[in-house]
């Protein structure tokens, strides 16, 4: 997540993944160490599913994005408009 309105690193953005009938949620909280400069990606375990049925991203600004049929082991960048 790259923010333009909320913040550059997408901090505070939420992500909800649905795969294989299960829902998983994460919130992007940022670097894992106080001296880190790079933002860490939001990571989901998918279980035995070959794809995510949907991924919904919600930014602190209120903007949302819905991705569907995302293949497993895919790194996805989403830019807040």
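No value in this document is a laboratory result; all are computed from the given coordinates. These numbers were taken from a predicted model, which means no experiment stands behind them. Every residue, glycine as well, gets a Cβ built from its backbone with ideal geometry; the counts of neighbours run over all protein chains shown.
At a glance:
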{"read-out": "Sorted by Cβ neighbour density within 10 Å, fewest at the top, the residues 25, 73", "value": "73, 25"}
{"read-out": "Spin-label model distance (nm) - residue 8 vs residue 27, 7 Å beyond Cα toward Cβ", "value": "2.3"}
{"read-out": "Label-point gap, in nm, between residue 56 and residue 75 - each point 7 angstrom along Cα→Cβ", "value": "2.8"}
{"read-out": "Correct choice for Cα Rg over 2.2 N^0.38 Å that was computed from the model, options [x] 1.01; [y] 1.39; [z] 1.10", "value": "[z]"}
